[in-house]
Structure formats: C-alpha cells, structure tokens
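Accompanying notes for the structure given below.
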There are 2 protein chains.
Amino acid sequence: MKINNIEHIGIAVKNLTETIKFYEDVFGLKCYAVEEVQDQKVRTAFFMVGQTKVELLESTEPYGPISKFIDKRGEGIHHIAYAVEDLKSTLDELVKKGVQLIDKAPRKGAEEMSIAFLHPKSTNGVLTELCEQNKKKI
Amino acid sequence: MKINNIEHIGIAVKNLTETIKFYEDVFGLKCYAVEEVQDQKVRTAFFMVGQTKVELLESTEPYGPISKFIDKRGEGIHHIAYAVEDLKSTLDELVKKGVQLIDKAPRKGAEEMSIAFLHPKSTNGVLTELCEQNKKKI
C-alpha cells in the first residue's frame, strides 16, 4: 500500500453555514466548494490547507452517519482520508492483511473521487478513508 | 491568522509499539522518530505523510490527558495541528475574536516546536493545536 499524502480531514459539524463562517473569519481559510454527497447523506464544504483539505460534513438526514456520530460523540474530527494510487488493489491488499473494510469496493465520493472506508476496529479507532483521484489532468 | 499547512494529526493509541508496527506493516508508512514529551505526559511516534505528519500518542501516565481521552472515547483521532508563523500574535488575535484558549501562551511541544491548544468548545468540538517551528534552518 502506497499512501501519497493526507487527502483530507473530515470534521462533523451541526451547522455547515456557521462553521464555514468560523473557518473563514477566525482561521482565515477560504471555502472553495460546497457539495452534497447523496450517497453519504452529507453536505460538505472544502478548504485547502497546504496539500490537505479540511472537509466539513453536515448531515442532510436525521439518521445519516454524521447525525449518528454527533449524537454519540458531539461535533469533532470524524475521519482521516489518505490519497492512494490504485484503490481497488489497495483494498485487496488490506483484506489479505486482515483489515476489516466498510466498503469492499470503491464507491463515488465528493470531488469525483473513488473512495472506500476501512473499519475503525481495524485501525485503532480511526475511521480511515482511502481516496483515488479520477480526474484526468489535461 | 495565517495557517500554512496541517502540521500533524494526533492519534491517541493504547500501545505505541503495536500501532507503529501496524502503520509500518499495513499502511506502508515509516516511523522516523519516537519522542517523549513530559509536559504532555505522552510518548509520541511520527510518520511523514506528504506534507503532514501522523503523530501517534501513548500516555505515559494513567491520568494523563491521552489516558482520559481513551477512557472516555476510546482510541482515535485526538487533535489537528496547524502550522502558523507567529504563534504569540496568532493567540492574541484569536483571543480578540473570542476564541477560548487552553494555552494562553506558547509552550514547548514535540520536535522543538512552540505549541498552543485552542479549546474545542470554541472550535466545533475539534481539539486544535497551533505550532510554530523554532528550528533555524542552516
């Protein structure tokens, strides 16, 4: 498995609009995109911080995964996402090494990426996402 | 406030040695340093992932902050640390903007850095560290 960089840090928030304002006004970061990912029942906001993005996540449904996370633990850091080059073969390799997957095959994430989540039981409590960039660079 | 990049992601673990092995064998990352930070009652292990470090944190004391975190929430992502250029003036600016600080003045962190934590009550549940690199580059 080859990790290139931390693609993003996912942060669960109750109110996306208010939190975007905080990150812009207090942290001086610029929100460059807001996107709804229906598959994950979230609305997301992205900030570029050097090589890595901060991804704020607001649930679009009362029983979506982000709602459940906030109900249980409050707002906070939800997951870490690593950029890999070949997600499918990476998942195959991880299964062979005994890692439990949430997504057995790549699925569509935000920003046109293929993504898959590993189960935090296998990764010391850290919900870990792997991302493969699909955009072809011209 | 000017954030340059995400300096590191702090992850609370029960057993540093076992988790280093997992990050090396499964994630293919290389631990480049292990350091004890007495002030924070932790033993830390660092992995470079692109521009950002993953910092594993194991408590050295049963009632240290990492022990308390794990007792309450289990192992997992503990904090996010942003690199800033002038930590002292950044803290002054944040106080003026109403952000609650854990550390009112910079203190010594791992890797010869000056650090300060912001209170998660002010940052949507995200324990946030600010770091200023003190090493003079030759």
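The values are calculated or read from the model by the stated rules, or taken from the named source; none is laboratory data. Owing to the predicted nature of the structure, the values given are computational and were not obtained by experimental measurement. A quick note on method: Cβ atoms are made from the backbone with ideal geometry, for glycine too, and the neighbour counts reach across all protein chains shown. Ligands, DNA and RNA are stripped out before the accessible areas are found, and what is left, the full protein with its side chains, is counted by its heavy atoms. Shrake-Rupley method; radii C 1.70, N 1.55, O 1.52, S 1.80 Å.
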What value, in deg cm²/dmol to 500, does the helix sum -39500 (n - 2.57) over DSSP H runs of n ≥ 4 give at 222 nm once divided by the residues of chain A? -6000 deg cm²/dmol
Any idea of the total accessible area buried by the A-B contact, 1.4 Å probe, rounded to 100 Å²? 3100 Å²
Residue separation between B:S89 and B:K14 times 0.36 nm, minus their alpha-carbon distance, gives in nm 23.5 nm
Just add up the charged neighbours of B:V42: K/R +1, D/E -1, any other residue whose Cβ is under 10 Å from the Cβ of B:V42. -4
Between B:T60 and residues 5 or more places away or on another chain, the pairs with built amide H atoms under 5 Å apart involve B:V42, B:R43
Beyond 27 Å between alpha-carbons counts as too far, so tell me which of A:K14/B:K2; B:K21/B:K53; A:K121/B:K97; A:K72/B:K68; B:K21/B:K121 fall in that bin. A:K121/B:K97; B:K21/B:K121
When all Cα-Cα pair distances of the range B:13-138 are considered, the percent exceeding 22 Å is 39 percent
Using modelled backbone amide H atoms (1.01 Å from N, in-plane), which distant-in-sequence or interchain residues come within less than 5 Å of A:E36's amide H? A:T44
Output wanted: per-residue J couplings in Hz (rounded whole) for the range A:29-39, from phi through Karplus 6.51 cos²θ - 1.76 cosθ + 1.60, θ = phi - 60°, x for Gly and Pro. 9, 10, 6, 9, 6, 10, 9, 9, 10, 4, 4
Hydrodynamic radius by Kirkwood, which averages 1/r over all alpha carbon pairs of the protein assembly as shown, in angstrom: 19.1 Å
B:K96: which aspartates and glutamates have alpha carbons under 15 Å from its alpha carbon, excluding same-chain residues fewer than 8 sequence positions away? A:D25
A chain fully extended from B:K72 to B:Q38 at 0.36 nm per residue, minus the present Cα-Cα distance, gains in nm 10.0 nm
Between B:E24 and B:K96, Cβ-based FRET efficiency (R0 51 Å, step 0.05) works out to 0.70
Sequence-separation-based contact order of chain B, relative, with Cα cut under 8 Å and 6+ spacing, percent: 25 percent
